[in-house]
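Here is the structure we will look at.
None of the figures in this text is laboratory data; all of them are computed from the coordinates on show. Remember, predicted model here, so these are calculated numbers, not experimental data. Please note: Cβ atoms are built from the backbone with ideal geometry, for glycine as well, and neighbour counts cover all protein chains shown.
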Amino acid sequence: MISPLAYIDPEAKIGNNVEIGPFAFIDKNVVIGDNNIIMANTNILYGARIGNGNRIFPGAVIGAIPQDLKFRGEDTTAEIGDNNTIRENVTINRGTASKGKTVVGSNNLLMEGVHVAHDARVGNGCIIGNSTKMAGEIIIDDNAIISASVLMHQFCRVGGYTMVQGGSRFSKDIPPFIIAGREPITYAGINIIGLRRRGFSNELIENIHNAYRIIYQKGLNVSDALEEIKKEIPMSKEIEYIVSFIQTSERGIIR
């Protein structure tokens with residue numbers, strides 16, 4: 001199941017039932033788990049850590065050094081979880097001294113041409129559209145959908161269950177459960193279809209909607225809006241997530 005035309009460094013650790021196509025390059029200090037499919041012309045470079053059951057398509061490069069002039073050759077990693085689909089020409093750089101690792105979780109779809117920069121963290125169950133580019137140290141929480149050709153500024157965070165419109169660019173955080181779109185990017189309502197598909201109850205969806213009405217439609221500053229949410233909206237882990245996300249946002253949220 002390993003092509004004789006592939007190169008695998010003797011120090012690389014390869015799990016069971018792994019398919020490796022022709023002209024794939026597997027570097028030293030690489031660990032690949034079980035049941036992975038690594039297609040032709042894929043480069044798995046120094047510091048890559050790949051879990052189980054992933055499909056990695058031709059032209060993908062995992063573990064290349066960061067595109068960061070502060071990088072000085074630190075011994076860092078690019079860590080991929082389980083059951084991801086990583087399509088053609090995706091690039092996932094390893095970390096720097098800042099965080100030490102770049103992490104992509106499990107059950108994600110990274111479409112063609114996606115770039116995940118150094119020290120980024122992508123959660124689980126995310127869909128990242130074609131040619132979307134993520135700068136260093138961004139965070140994408142679980143079950144977010146980022147459409148095609150989106151540009152993410154460094155240090156930004158995208159909340160879970162969010163949908164971001166294709167072609168968007170942003171330099172502030174995008175809170176959970178919403179749709180973000182238009183130009184310039186702004187709050188465009190809650191992701192009601194996505195939430196229903198994920199099994200959120202009508203009552204919970206209404207509470208989330210009411211929380212964002214307070215944040216975006218009452219003309220309050222952020223601190224006052226969060227205090228009103230705590231008083232007016234029945235508390236749940238989802239509402240707590242919204243409040244905590246906004247309270248801890250270092251870049252501020254989109255408006």
The range 1-52 and the range 169-243 have their Cα centres apart by a whole-number Å value of 42 Å
Cα-based Lys proximity count in the chain, under 16 Å, for pairs eight or more positions apart or on separate chains | 6
What distance in nm separates the simple spin-label points at THR248 and THR85, each placed 7 Å from Cα in the Cβ direction?
-> 3.1 nm
Once you put a point 7 Å from the Cα of ASP34 and another 7 Å from the Cα of SER149, both along the Cβ direction, what distance in nm separates them?
-> 4.3 nm
By how many degrees, between 0 and 90 and to the nearest 10, does the Cα long axis of helix 222-232 differ from the longest principal axis of the chain?
-> 70 degrees
Just round it to a whole percent: the fraction of Cα-Cα distances in the range 7-137 exceeding 23 Å.
-> 22 percent
With the contact rule set at Cα under 8 Å and sequence spacing of 6 or more, what percent relative contact order holds for the chain?
-> 9 percent
Return the distance in nm (one decimal) between the two label points of a simple spin-label model at SER201 and ASN221, each offset 7 Å from Cα along Cα→Cβ.
-> 3.6 nm
For the chain, what is the convex hull volume of its Cα atoms per residue in Å³?
-> 117 Å³
Report Rg (one decimal) and Dmax (nearest whole number) for the range 205-255, counting Cα atoms only, units Å.
-> 10.0, 27
